[in-house]
1. Considering only segment 117-132, I want to know if a residue exists there that is surrounded by fewer than 22 Cβ atoms within 10 Å (Cβ to Cβ), farther than 25 Å from residue 36 by Cα and free of Cβ contacts under 8 Å to residues at least 12 places away in the same chain.
2. Counting just the residues of segment 136-153 that are among the polar types (S, T, N, Q) and not in a helix (DSSP H, G or I), which one comes out surrounded by the most Cβ atoms within 10 Å (Cβ to Cβ)?
3. Can you confirm whether segment 116-135 contains a residue that is more than 13 Å from residue 70 (Cβ to Cβ) and assigned to a loop (DSSP other than H, G, I, E, B)?
Amino acid sequence: MFKTISKLLILFFALPSLALAHTGVGDTTGFMHGFSHPIGGADHLLAMIAVGLWAAQIGGRALWVVPCTFVGVMLLGGVLGFSGVAIPFVEQGILLSILVLGILIAGAFKLPTAYSCIIVGIFAVFHGHAHGTEMPASLSAGSYAIGFALATAMLHTAGIGLGSLMKQVNLHTISRFIGGAIALSGIYLSIA
């Protein structure tokens, strides 16, 4: 596991062009572009997996409420971005989400579900706004939104699966180590 994480970190350092999904360049129409957006940049990928991992760490209702809150609020943020409503510091908010979620996982913070939802909801606005500003102003905007929401939910599910596996095999320390690696990646992405 340590070797895999080390290789991923080396990949992030070696390929900084993968760091951010928001290039503002290229075609952003339809389902497949929306679906590939959260997967196409380390910033979204890390944050989405972290949401699921943290939800699994908290357990109980948070297992589904926290990720569902993120997806729902992200869609609202997407509407704001698509509508042209300006939100300051979107990229910084996305990078901060990686750092904070990584710290929450590394510290094994089990906040009440409502507080956890507030935290991920705030970050979801930034992620959604970034998606929304890149949405096409056409009929394909709906399919683009469905694509990015589905990819986000799938990445949350991957994080939940990873966290649940760590719980079942009693490797909580590895889960916390992954959280630390996520937080460090957030720091790196902010200075890359």
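1. So far as segment 117-132 goes, yes, one or more of its residues are surrounded by fewer than 22 Cβ atoms within 10 Å (Cβ to Cβ), farther than 25 Å from residue 36 by Cα and free of Cβ contacts under 8 Å to residues at least 12 places away in the same chain.
2. 140
3. yes
Each reported figure results from applying straightforward, stated rules to the coordinates on display, with no laboratory input. Just so it is clear, the model here is predicted, and its values are computed rather than measured. Counting neighbours? That spans all protein chains shown, and the Cβs are built from the backbone with ideal geometry, glycine included.
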